[in-house]
Amino acid sequence: MRILSPTAILGYGFPADSFEEGLSRQPDAIAVDAGSTDPGPYYLGSGESFTHRDAVKRDLELILEAAVKKKIPVLIGTAGGSGGEPHLKRDLDVIREIAGERRLHFKIALIHSEVDRELVRRAIHLDKITPLGSAPVLTEDVLDGTVRIVGQMGVEPIIGALEAGADVVLAGRAYDPSVFAAPALLRGFRPGPAIHLGKILECGAIAATPGSGSDCLMGYLRPGCFEVEPLNPGRRCTVASVAAHTLYEKSNPVLLPGPGGMLVLSGAKFEQAGDNRVRVTGSRFMPSDSYRVKLEGVKKAGYRTVSVAGCRDPVMIREINSVIGLVRERARDNFSGRGYNYLLDFRLYGINGVMGSLEPTADDVPRELGIIIEAVAETQDVADTICSFARSTMLHCSYPGRKATAGNLAFPFSPSDFRGGEVYRFSVYHLMKVRDPFELFPLEIIEI
């Protein structure tokens, strides 16, 4: 079975030549992931997408026109970036628009994944909710403050959509490999190789070298093994590139939990099957005793304002921790009578802006420092106030060894402060035990 992955995420783009090369291999399915939790909780909470509509439309124009004419099933997972109802609607609107402009006719399956809060509440009472990783126990108070919840579907609802005769499947939040593995499982292939292939294909040509999330990758599934191959002549799949991508986003290199079971890769073997093709054998899937669905939900945390500045004074850079302490104390003192509830944070790019407290070289003194001042508060006005005060205080504060009386900071932008708007944080990151894999994912068939 041949599965074409056009791009890492719908809207990331791909070269038309690579896509045409993939079509020439006569794929049995075209599958593409359209979202992720990687960009954080904001998009799930706001209902917006982290991919731009025009970019998504460009990708879908090429995919849909070719697939409908050649009668190739198209499967899209985590519609709109986060898989909630607003995200599903955005991508459906784009598909309708393309179909109207290009006079395409097909049957589309919508698989909804937004989960009703009351359904989760009943599951809490029935002790069917367990934390995932380090998440705390889910309480009803946290649930009440959660603005949107999605469930992460496995392959079963997508197989059901194909069995219902869908030409195009537009799924809400989905386990990344699901849209790639579902058509293969429907054809009778084993889940181990099919899901492992999906883990590689989900990011397009990132598994090649040089890697790119904006290029195509072809997967070939055979009994007991699969092969992957880039479709751009400037890229190669190597044992190192494919094995490395198998480790991508894994907390355990050989045990990969997902809906309905565990992908076990302790016996996986990678071998070069051609100049630019890699074969993988030994992937196994171990079903779980009960079926659990990952829930993702977010709550509103306030409003954000940020200011971006730079510093090249070696004395201030050396004293930066005491400077930050002084600014925090001045803000507390200045607004102590206002009753403000806020977070004031400083990100120091050049010291520990990426790694934070895990930075192993935080004692090194850089030559220049990038500083992001962030204020989060219960209203936008309070966030503006705190950020503005912190920025002006840091700009003019004194510190041991300071000689010049000019400003301490260099600002690349005017205005120096930017409103970030609403801020969300994950409040639900839990597993929910369900009766069957379809329970949370209603299917809707539409003639386009």
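Would you be able to tell me the number of residues in region 118-133 that are under 25 Å from Ile158 (Cβ atoms) and out of contact with any His (no Cβ under 7 Å at 6 or more places or on another chain)?
Step one: list which residues in region 118-133 are under 25 Å from Ile158 (Cβ atoms), which gives 119-120, 123, 128-130, 132.
Still in the running and out of contact with any His (no Cβ under 7 Å at 6 or more places or on another chain): 119-120, 123, 128.
Residues that pass the stated criteria total 4.
Tally up the residues in region 235-245 that are touching a helix residue (DSSP H, G or I) at 6+ places or on another chain (Cβ under 7 Å) and assigned to a loop (DSSP other than H, G, I, E, B), please.
2
Does at least one position in region 291-304 carry a residue that is loosely packed, with under 15 Cβ neighbours inside 10 Å, outside the structural domain of Ala375 (by TED's automatic domain parsing), in contact (Cβ under 8 Å) with a residue 12 or more places away in the chain and part of a strand (DSSP E or B)?
No, region 291-304 contains no residue that is loosely packed, with under 15 Cβ neighbours inside 10 Å, outside the structural domain of Ala375 (by TED's automatic domain parsing), in contact (Cβ under 8 Å) with a residue 12 or more places away in the chain and part of a strand (DSSP E or B).
Working carefully through the options Gly47, Gly35, find the one that is in the same structural domain as Pro6 (by TED's automatic domain parsing) and in contact with a Ser or Thr (Cβ under 6 Å, 6 or more places away or on another chain).
Only one candidate qualifies: Gly35.
Take Leu409 and decide whether it is touching a Cys at 6+ places or on another chain (Cβ under 8 Å), more than 30 Å from Thr37 (Cα to Cα), surrounded by 12 or more Cβ atoms within 10 Å (Cβ to Cβ) and at pLDDT 95 or above.
yes
Restricting to region 427-448, give me the number of residues that are out of contact with any Asp or Glu (no Cβ under 7 Å at 6 or more places or on another chain) and either aliphatic (A, V, I, L, M) or assigned to a strand (DSSP E or B) (or both).
Number satisfying all stated conditions: 13.
Would you pick out the residues in region 251-272 that are in a strand (DSSP E or B) and of a type outside the set (S, T, N, Q)?
Taking region 251-272 and keeping what is in a strand (DSSP E or B), we get 255-258, 261-264, 269-272.
Selection gives Leu255, Leu256, Pro257, Gly258, Gly261, Met262, Leu263, Val264, Lys269, Phe270, Glu271.
Is it the case that some residue within region 305-328 is of a type in the set (Val, Ile, Thr), closer than 18 Å to Asp364 by Cβ, touching a residue at least 24 places away in the same chain (Cβ under 8 Å) and surrounded by fewer than 16 Cβ atoms within 10 Å (Cβ to Cβ)?
yes
With (1) of a type in the set (S, T, N, Q); (2) buried (at least 19 other Cβ atoms within 10 Å of the Cβ); (3) more than 30 Å from Gly154 (Cβ to Cβ) as the list, and Ser283 as the residue in question, which single condition is left unmet?
Ser283 satisfies every listed condition except (3).
Is it fair to say Ile111 is within 28 Å of Ala34 (Cβ to Cβ) and in contact with a Pro (Cβ under 6 Å, 6 or more places away or on another chain)?
yes
Working only within region 118-148, note down all residues that are in contact with a strand residue (DSSP E or B) (Cβ under 8 Å, 6 or more places away or on another chain) and at pLDDT below 95.
Leu132, Gly133, Ala135 - these are the residues of region 118-148 that are in contact with a strand residue (DSSP E or B) (Cβ under 8 Å, 6 or more places away or on another chain) and at pLDDT below 95.
Specify the residue that is nearest to Leu44 (Cα to Cα); the eligible residues are those in region 377-424 that are assigned to a loop (DSSP other than H, G, I, E, B) and among the hydrophobic types (A, V, I, L, M, F, W, C).
For region 377-424, the residue satisfying everything is Phe413.
The values are calculated or read from the model by the stated rules, or taken from the named source; none is laboratory data. Small disclaimer: the values here were computed from a predicted structure and weren't measured. Don't worry about glycine lacking a Cβ; one is built from the backbone with ideal geometry, like all the others, and counts go over all protein chains shown.
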